[in-house]
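Read through the structure below, which is laid out as structure tokens, and then see the notes.
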Amino acid sequence: TADPGGLVWFDLTDSGIAPGATVSVTDGAVTINLQVVSATFDGVDEIENTASGTAPAGAWLSINVVDANGDQYWVDGVQADGLGNWLVDFDDYGQEFGPVADAWVHVFDEDGDSTLAHYTP
């Protein structure tokens, strides 16, 4: 699905789209090619106030958490390590979330497109 803000969402479940695939997206006048990358959002520790997952080694990320009160917390500019792992301690950014209702990570490419990996508690 797409929205006027330029977001295009693919549910990779049963879609045949997998990491490494190139997807062409068009509005009828402009076509762009997006490469889907492998990314995971593996866990959130509500006690330690951390989130973790995987992405391509060296990739730049934005991590977003929504707590049960509907408050959103995010950290931009996180980089996956050389093995492709990432860990964010939200305390380091002065953010402390409560019980998690939803969370996701954006993995950005060179021109600002991103692949999103979702986490459901």
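The values are calculated or read from the model by the stated rules, or taken from the named source; none is laboratory data. Because the structure is a prediction, the values reported are computed rather than measured. Cβ coordinates were reconstructed from backbone atoms using ideal geometry, including for glycine residues, and neighbour counts include every protein chain displayed. We work out accessible area using only protein heavy atoms, side chains counted, and drop any ligands, DNA or RNA first. Shrake-Rupley method; radii C 1.70, N 1.55, O 1.52, S 1.80 Å.
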(message) Could you tell me how many cubic angstrom of Cα convex hull volume region 64-115 has per residue?
(response) 95
(message) Just to check, using Stokes-Einstein with a Kirkwood Rh over alpha carbon pairs, what's the diffusion coefficient of the chain at 4 °C and 1.567 mPa s in µm²/s?
(response) 85
(request) With a 1.4 Å probe and every protein chain left in place, work out the accessible area per residue of the chain in Å², rounded to a whole number. (result) 60
(message) Accessible area of the chain with a 1.4 Å probe: how many percent of it is carbon plus sulfur?
(response) 50
(message) For a Förster distance of 25 Å, can you work out the FRET efficiency between the beta-carbons of ASP102 and ILE47, rounded to the nearest 0.05?
(response) 0.85
(message) Can you give me the solvent accessible area of TRP74 with a 1.4 Å probe, rounded to the nearest 10 Å²?
(response) 130
(message) Taking the Cα of ASP27, stepping 7 Å toward and past its beta carbon, and measuring to each backbone N in region 92-112: which are under 19 Å?
(response) 111-112
